[in-house]
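Taken together, the values in this text are just the output of simple stated rules run on the coordinates, not laboratory data. Quantities reported herein were computed from a predicted structural model and do not represent experimental measurements. Positions of Cβ are generated from backbone atoms using ideal geometry, with glycine treated the same way; all protein chains shown enter the neighbour counts.
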Amino acid sequence: MTMLDTPIHLEYTFTPGIAQSRFLRGLAEGRFVGQRCPVCGKVYIPSRGSCPVDGVPTGEDVALPDTGIVTTYCVVNVPFAGQAIEIPYIAAQVLLDGANISFMGLIQEIPATDVRMGMRVQAVWVEPDELGPTLASVKYFKPTGGPDAPYESFEEYL
Amino acid sequence: MADRCAVIGVGQTHLRAKREDVSIPGLVREAALRALADAELTFADIDAVVIGKAPDMFEGVMMPELSLAAALGAVSKPMMRVHTAGSVGGSTALVAAHLIASGIHRRVLTVAYEKQSDSDAMWALSVPQPFAAPLLAGAGGYFAPHIRAYMRRSGAPDHIGRMVAVKDRRNALKNPYAHLHLEDIDMKMVEESIMLWDPLRYLEACPSSDGAAAMVLAAEDAVSGAYPPAWVHGMAMRSEPTMFAGRDQVNPQAGRDCAADVYRQAGITDPRADLDMAEVYVPFSWYEPMWLENLGFCPEGEGWKLTESGATALDGDIPWNASGGVLSSNPIGASGMLRFLEAAMQVRGQAGEHQVEGARRALGHAYGGGSQFFAMWVVGSDKP
Ligand SMILES: [Zn+2]
């Protein structure tokens, strides 16, 4: 014997904190809520309640649209334990319009070979009765068909 | 003024996909005994042990340092664990070196390991987070988008990644400890390997390895062993948050700052000219050109030209990863220490077939997390 599987589970209570709670409650209503730093003015989403650069609380909530661009991406073609999506799929960095930081999002409704840096995308939400305080409320992002953002416009987000 | 610190013993295990012949205690002891033998010492001569590995979840053994004390001769001696994700092997060596440089101890054993076959690191790196999207990308899925960004930013042609993949695997053929010994490796073989995380192919990614590395570090008055010591000329660690607005994920500030600090201590103004070789943490082929720029071996945007010119090959003017590097062996927690250890072996003239002729000053480098932890040292054959 070289390995023994021991199925175990652990129950815990997750406390997301004030800033992330606002973000998660926004998702439950089908909208994105970020926060602005009072010093540098950058908009974080999801916000952790403080600006890592300035070390100050980010108190001001900012409503963001569900549109943005793909800054960069990869095509995941490797199977591994715990994977919930059929390969190949696109894991992209999505920068919402008005945000100053990207987060990872799934891109669908486009062949993997057609995805581009700078491509405009929009969130596709789950059905209203399925919305919850989780990023799983966003099924994926799809291309809007609008013109790509020029590279220079998002270069600093890479 | 800090005390001088010397590397007087190095030891590593054979790095393999599965070391089924040993337990974790057996694995770390194997490396430690080799380092002690190199220094002509025994456990009794050691004042303290500093150990590092990747996060506990990788093997599912919590706080393994407690149960490894006996295997490392550390019972009733000071022992310390270091945690800095993939850079931990480097940080661990630096913590040990600080214990010498500060005058606290005279001889410190430092060890790092990973036993990936006891675990599923891909799973450990991809555990769903509460309230997060059910989108997991795996180990390479985090880095591949940044590689794509580098390619776009620098205009580097596709074949650069393949060149690094071939170069490091050819170097590994000269290193009996290396995990991958791909006799027939060439550009075509890399190009035909499966695409894992487009733009990253299977042979442009590191393997999963079992293995351990160990070093004995000593104060100037405690130097021993048959080989001349490798003297620490400079050491630095830096970190930055994984996420902040305006973060340069291709060329992180923490890496640049860490390099600047270690070069200043070592009196290096032009790393390409002043160093004889470098062992740099390159787990995916494209991180060679990216780190060539981050570490100041060339101007920004030109790392790929240095790789393409052959400058980083074993017979180039600044060989990178003569050992075969992380691309050829990746016992995660030990991978950073192996870079530090290989740099020391080179300046001690004990690297055998992959010895860079006349190497007198070398860089050891490690990074980890989301390119957020950096650890580096410069070692030399001359006393600083
Ligand atoms: Zn700020």
| query | Can you list the residues, at least 5 places off or on another chain, whose amide H is less than 5 Å from the amide H of B:Arg16, using H built in the peptide plane? | reply | B:Asp210
| With r defined as the distance between the Cβ atoms of B:Glu300 and A:Gln122 and R0 fixed at 35 Å, what FRET efficiency is calculated, to the nearest 0.05? | 0.55
| request: Among A:Thr6, A:Gly41, A:Phe103, pick out the residue whose Cα is farthest towards the positive end of the charge dipole of chain A, where Lys and Arg carry +1 and Asp and Glu carry -1 on C-beta, about the Cα centre. | output: A:Gly41
| What's the local net charge at B:Gly138, with K and R +1, D and E -1, over the other residues with C-beta under 14 Å away? | -2
| field | Charge sum, other residues only, whose C-beta stays under 15 Å from A:Asp97's C-beta, Lys/Arg counted +1 and Asp/Glu -1 | value | +2
| query | With θ set to phi - 60° and the Karplus curve 6.51 cos²θ - 1.76 cosθ + 1.60, what are the ³J(HN,Hα) couplings of region B:52-64 in order, to the nearest whole Hz, using x for Gly and Pro? | reply | x, 7, 5, x, 3, 5, 4, 10, x, 10, 7, 6, x
| field | Cβ-placed point charges (K, R +1; D, E -1), dipole of region B:13-90 about Cα centre in debye, nearest 20 | value | 180
| said: If packing is taken as the average number of other Cβ atoms within 10 Å across a peptide's residues, how do B:181-187, A:41-47, B:47-53 rank, most packed first? | reply: B:47-53, A:41-47, B:181-187
| query | With each label point set 7 Å from Cα along the Cα-Cβ vector, what nm distance links A:Val56 and A:Asp148? | reply | 3.8
| task | Order these peptides, B:131-139, A:147-155, B:190-198, B:58-66, by their mean beta-carbon neighbour count within 10 angstrom, highest first. | result | B:131-139, B:190-198, B:58-66, A:147-155
| remark: Of the residues B:Phe131, A:Ile69, B:Val164, the Cα lying farthest along the dipole of the protein assembly as shown towards its positive end, which is defined by charges on the beta carbon of Lys, Arg, Asp and Glu, belongs to B:Phe131
| query | Counting Lys and Arg as +1 and Asp and Glu as -1, what is the net charge of the other residues whose Cβ lies under 12 Å from the Cβ of B:Phe373? | reply | 0
| Okay, helix-only estimate at 222 nm for chain B: each DSSP H run of n ≥ 4 adds -39500 (n - 2.57), divide by all residues, round to 500 deg cm²/dmol; what do you get? | -10000 deg cm²/dmol
| remark: With R₀ set to 45 angstrom, the calculated FRET efficiency between the beta-carbons of B:Met62 and B:Asp274, to the nearest 0.05, is 0.55
| remark: Expected integer from the mean partner chain Cβ neighbour count at 10 Å over B:120-132 is 4
| message | Give me the one-decimal nm value for the distance between modelled label points at B:Lys18 and B:Asp221, 7 Å along each residue's Cα-to-Cβ direction. | response | 5.1
| task | Identify the trypsin sites (Lys or Arg not before Pro) of region A:78-139 meeting these criteria: DSSP loop state and at most 15 other C-beta atoms within 10 Å of the C-beta. | result | A:Arg116
| message | Residue by residue through B:143-151, how many Cβ atoms from other chains fall within 10 Å of the Cβ on average? | response | 5
| query | Contour minus end-to-end for A:Ile8 and A:Cys40, with contour as 0.36 nm per residue of separation and end-to-end as the Cα-Cα distance? | reply | 7.0 nm
| message | On the Cα set of the protein assembly as shown, report Rg and Dmax in Å, please. | response | 23.6, 73
| Where nothing but the Cβ of Lys and Arg (+1) and of Asp and Glu (-1) is charged, how large is the charge dipole of chain B around its Cα centre, in debye to the nearest 20? | 460
| note | Most packed first (mean Cβ within 10 Å per residue), the peptides B:328-336, A:86-94, B:106-114 order as B:328-336, B:106-114, A:86-94
| task | Mind putting a number on the dipole of region B:273-337 about its Cα centre? Charges go on the C-beta only, +1 for Lys and Arg and -1 for Asp and Glu, and I need it in Debye to the nearest 20. | result | 260
